[in-house]
Amino acid sequence: MLNQRQIEIILDIYENSGKYFTAAYLAKQKNTSLRTMQGDLKIIKDEFAQNKYASIESQKAKGSYLKIHDQDAFSDWVNALYVQYNCDNLDYPMNRVSKIVFLLLSTIRTTSMYDLEDELHISHSTLVGDIKIAQENLEEFNLRLIRENNRLKIAGFEVNKRRCLAENALYLAHVQGQDQEDDCIDMQRIAYIKDILLRVFTDRQYYISDIDFNNAVLTVNIMMHRIQRQFFIKENELEITDELDKEMMISQQIFDNLKQRFLCNIPREEVEFFGLYLKGQEICKNKEIISQEIDDFINETFVGIRQNYGVDFTNNIGLKLSMGLHCIPLIIRLKYDMQIQNESLSTVKENFPLGYDIATYFSYLLQQKYAVKANESEISLIAAHFYGSMLELKQKKQNIRILIISAMKQSMTVLLRSMLRKWFAAEIGQLDFLQANQITEQLLDEYDVFLTTEKNDFYEKGLAMLIDTFVTEKDHRNIKLLMDGFKNVDDVIDIFQKDLFFNVNGMTKDDIIKLLSAKSADKYEIEGIYEAVLERENIGSTFFSQAVAIPHPIRTISSDTFISVGITEEPVIWDEEGHKVNVIMLLHVGKNNLGSFQLWDLLSHILLEKNWVDEAVVKGNFEEFLQCIANVLKSKF
């Protein structure tokens, strides 16, 4: 099992994939000895060799670099690592009766009532009452709770025990203190199983819907967990009368792959069970693990995220699965006021502010649907799930293929085509113009960048970034951000404008937001930014760290990326928690501009620096402020 430092190393080299590094450099970064770092890298290399998603390659005189072999699978794996990194030592609360059932289903032998009383810290009479409730719950699954000589055991068919685990979401439980192999919601295992099923279903041309695929992954996960613990389906438990030839071939291929990974024998009854599951028999699929309601909610939130943040997760099966899994116990925790409280999770807000903001929006939609509000720790856990997927945005594309969606006649596109070629001759591999009614789904797969000269459906739904028919320098900067992101410190500094820098001494929070919004609206000729900023403030604090607040609209207003700054020597109370701020940066990331979202990552680097705020406030002028920002960012590029 990877430790915290080794996970940090993997995350660091992934964020800087394509760049060379040495063990000595990493040892200095992590403040550890060279020998320790060399040992960590050996463990990481062994982990990579096992999952085969990536490897660390070396080149003489340059050092080592990360080589990714399967981007999707590796992203899922990194996503799982980040969740593990932020969730370490956290347990997902269960009610007492559920925990009793979970513990009894997790052991072959009988369990002493006295041991249960000690483990649960309850009296004998309380346990007796819980057992009575557990007996009633188990009857639904044709299971019996047997009590003999103050020892307990759950009796019944293994298929029914699995139904009980699945339908009560007990396999989601984190039981603090157990070994990793006993942790049924190990996201690395789930990512691996998902990859196997995806490859086999594709190879066998087996059609399955998103929600059925997700539930198939979770079904296999619980099967492998039970098999590893020596809980097997017996021959007399299944009465199969249907033809399962195709399903059995698929099931056999899946488990042939899995037994190599998990080093265990898979009895034929288990292969038949999953074949029957695929056939859709009621006995094996009485209820869905991830409900249609949760699946629909995840899809709706991803569409909302795409429209408001320009980040498209709608086709990310791995992220859908992990978020669906996360929502099941999350909704229970929120509903019964059992939210996780962990101050260390505040580091997510500093290290990954964009992910945290997306998670805040996600929790806002969750609150609208279920009337429950998540705290900062819960939002941080949600943010962790977006980490691996967001890192993919940093992978630069070569020979960029651009499609401009425009109603202009071909004869009128010459100027625009010429300007784009002039600006981006080295980057553009293909540049085409099409009208909106000519666009098909197949065509969309052929391009990397989408621009439009009209506010059409492609703009409104988050696909294409808006540019002017007669492009200006502002369009140049926006397109450059879309294609290249921020390549150096100067690119970041250019985002700040002197006419959007203000001394706001003596002003209230609302006055500051009004000022920064109004000045930004005038400069970029946009409407509605003040209202959109207030709407975002209403769903959660935009205080991030180190006396800095980053107010921003809940939805993007235009294609322009900018930061409007207010500085005050006297701190302003920013939220109900009493956080005080001296620097307020009103941020607007351009609509449908993925490259500009890197600005959030750069701001996280700024937020982690401890001293620049005091220096910027004391000096108080625009040029010195930019110098403070530049000094902080030097190590980032």
If you take just the strands (runs of 3 or more DSSP E) that sit entirely in region 507-597, which of them hold at least 3 residues that are modelled with pLDDT of 90 or more? 562-573, 580-588
Condition check for D499: assigned to a strand (DSSP E or B), among the acidic types (D, E) and not assigned by TED's automatic domain parsing to the domain that holds N308: yes
Only residues that are under 15 Å from F255 (Cα atoms) and crowded, with 16+ Cβ neighbours inside 10 Å: list them for region 218-231, please. L218, T219, V220, N221, I222, M223, M224, H225, R226, I227
With criteria (1) at pLDDT 85 or above; (2) outside any loop (DSSP other than H, G, I, E, B), D468 comes up short on (2)
Tell me, which residue of region 416-441 that is charged (D, E, K, R) and either touching a helix residue (DSSP H, G or I) at 6+ places or on another chain (Cβ under 6 Å) or exposed (fewer than 11 other Cβ atoms within 10 Å of the Cβ) (or both) is nearest to D475 (Cα to Cα)? K422
Of (1) surrounded by 20 or more Cβ atoms within 10 Å (Cβ to Cβ); (2) in a helix (DSSP H, G or I); (3) aromatic (F, W, Y); (4) touching a residue at least 24 places away in the same chain (Cβ under 8 Å), F201 fails just (1)
What helices (runs of 4 or more DSSP H), lying completely within region 1-54, carry at least 3 residues that are surrounded by fewer than 16 Cβ atoms within 10 Å (Cβ to Cβ), hydrophobic (A, V, I, L, M, F, W, C) and on the phi < 0 side of the Ramachandran plot? 34-51
Would you check if L534 is crowded, with 18+ Cβ neighbours inside 10 Å and either free of Cβ contacts under 8 Å to residues at least 24 places away in the same chain or hydrophobic (A, V, I, L, M, F, W, C) (or both)? no
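The values are calculated or read from the model by the stated rules, or taken from the named source; none is laboratory data. The structure presented is a predicted model; accordingly, all values stated were derived computationally and were not measured. Cβ: placed from backbone, ideal geometry, glycine included. Neighbour counts: every protein chain shown.
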